[in-house]
Amino acid sequence: FGDPPLDTAALISDSFTGLFSSGHYHALELGRYSYSFSFTLPEELPGDYEDSANRSKIRYLVKGYLDIPLKIDIEQTVQLTIHETHDPAAAKPVSVSAEKTLFEAGTSVKMKADMDKNIFLPGETLDCRLMVDNQSGKEIQAVTVTLQKAETLSAQSASTVNIEEVHTRRYDQIRIATGDSADLNLQFELPGDVYPSIVSSELVKVEYRLCFALEIQWASGLDIPWAMDLDVEVPIVLIEETNKPAGVGS
């Protein structure tokens, strides 16, 4: 709005002229003035992001300033919240399975997780069907569901990945004896204060997955109390509810 910016030579000449006369400049009389403007944001713009542990952030600012000849310019910035777009209608069913063969011949555990969709809002309760076939010779003593967040930070040719367990629920009432199968319907409430997924940025990616794990004594007749490493991981996308940004720092 107003006169175009001057190049260096014109600015020097204009400054010298301005020492003797101010009539050359565009002037605004006393009063209030309003200038309407609009921008079209790129479709693949990554959303706001901030992580104090990694000291990294994505932040957007709108800056307005007055270009005042021979004076210090006046400027003002306002923080702008950007929501990465994910279409809820693009949600699709997901199905993931895994099998673990134990030390004894012919013994194994099979697990399969089915979900009706893979896109959720923070705070939403999701349903999952978990099918387990226990032919391990040991009792399955519990099922654990964990929401994991994987953050990938990239700069030039280097990158680092940080995996965090955001929320865990242990279903310790579940028992599956050796030789038995189970068809389980599990509910898991997602936290309401987590960052949404970021998948379009080349600098920062925030991805989520649900990890379903079986707690079972190890094999070969040894009563070792810790759980075996059998789990399935289901990738999910967390989106923001319209006009309600989740996890964005104030």
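Computed in the context of the full set of protein chains, the accessible area of region 29-99 at 1.4 Å probe radius has 53% of its extent on carbon or sulfur. Extension gain for the segment Gln187 to Ile163, taken as residue separation times 0.36 nm less the Cα-Cα distance, is 6.3 nm to one decimal. Measuring with a 1.4 angstrom probe and ignoring ligands and nucleic acids, Lys149 comes out at about 30 Å² accessible.
Evaluating 6.51 cos²θ - 1.76 cosθ + 1.60 at θ = phi - 60° for every residue in region 81-94, the Karplus couplings come out as 8, 10, 9, 5, 8, 9, 7, x, 5, 7, 4, 9, x, 10 Hz, glycine and proline recorded as x. Put simply, the amide H of Tyr171, placed in the peptide plane, has neighbours under 5 Å in Val143, Thr144, Val145, leaving out anything fewer than 5 places away on its chain.
For Ile239, the solvent-accessible surface with a 1.4 Å probe is about 10 Å², rounded to the nearest 10. Applying Stokes-Einstein at 37 °C and 0.692 mPa s to the Kirkwood radius of region 42-146, computed over alpha-carbon pairs, gives a translational diffusion coefficient of 167 µm² s⁻¹.
Sorting the segments 116-124, 128-136, 31-39, 77-85 by their residues' average number of neighbouring beta-carbon atoms within 10 angstrom, most packed first, yields 128-136, 116-124, 77-85, 31-39. Averaging 1/r across all pairs of distinct Cα atoms in region 61-208 and inverting the result yields a Kirkwood radius of 19.6 Å.
At 0.36 nm per residue, minus the direct Cα-Cα distance, what do Glu44 and Glu233 gain on full extension? Give it in nm, one decimal, please.
Details: separation 189, 0.36 × 189 = 68.04 nm, distance 2.68 nm.
Gain in length upon complete extension: 65.4 nm.
When a/c reaches 1.5 or more, the comparison of a/b and b/c decides; with that in mind, is region 89-166 rounded, prolate or oblate per its Cα gyration tensor? Because a/c hits 1.5 or more and a/b fails to exceed b/c, region 89-166 counts as oblate. Taking 7 Å steps out from each Cα toward its Cβ at Leu61 and Met131 produces label points 5.6 nm apart.
Using heavy atoms of the protein chains and a probe of 1.4 Å, the accessible area assigned to Tyr65 is about 140 Å². When Val161, Val109 are compared by accessible area of protein heavy atoms, the largest-first order is Val161, Val109, using a 1.4 Å probe.
The values are calculated or read from the model by the stated rules, or taken from the named source; none is laboratory data. Every value quoted in this text rests on a predicted model; they were computed, and no experiment measured them. Note that each Cβ is placed from the backbone with ideal geometry, even for glycine, and that neighbours are counted across all protein chains shown. SASA here: full protein model, heavy atoms, side chains in, ligands and nucleic acids out. Shrake-Rupley method; radii C 1.70, N 1.55, O 1.52, S 1.80 Å.
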